[in-house]
Amino acid sequence: KGLPDRRHLGGNFTPESVVGRWDGTVWVVGHSLGGMIGTILLDELRSVERLVSLEGNLVEADCGESLNVSRIAFDEFSSTYDRTNASVIASYKTSQSIVEWSRSSRLLGIFEACSKPKLLVVGGKSRFVSRPSQNQYLLP
């Protein structure tokens, strides 16, 4: 059916409010933060059957630039930007959330424990650290 029109969601973006509008099953493909969100959806929603995560952080060491950003004060991060710029504030807070989620080890635990088909894609020259012990490949 495609994505629901955002105006009809009333601003309440929960997994159920978005994914629950589809008939049938859902495959999630996400990169970085999208892979992290996909990992949580894989665990929490029955309708999500498969996940392809393109370097979706699973542990703190995967965080890369977000880890660097989370280690500095907002004033330092925003020193070259207009502090009222919402995208600067959002970038900073998103980096903090990415590190917090990854640091918890919850994402790695979900990824390894989930029996649903999933694939973690990591670039050959990437500094990505996670190598789950049970990386299942998608089958037709």
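The values are calculated or read from the model by the stated rules, or taken from the named source; none is laboratory data. Computed from a predicted structure; not experimentally measured. Here the Cβ is made from the backbone with ideal geometry for all residues, glycine too, and neighbour counts use every protein chain on show. These accessible areas exclude ligands, DNA and RNA; they are computed on the full protein's heavy atoms, side chains included. Shrake-Rupley method; radii C 1.70, N 1.55, O 1.52, S 1.80 Å.
Observations, loosely collected:
- Among the helices (runs of 4 or more DSSP H) confined to segment 1-88, the ones with at least 3 residues that are within 19 Å of A113 (Cα to Cα) and modelled with pLDDT of 90 or more are located at 33-44.
- Total residues in segment 93-118, condition open to solvent by 60 Å² or more (accessible area, probe 1.4 Å), closer than 14 Å to I40 by Cβ and either under 11 Å from the mean Cα position of the chain (by Cα) or not basic (K, R) (or both): 5
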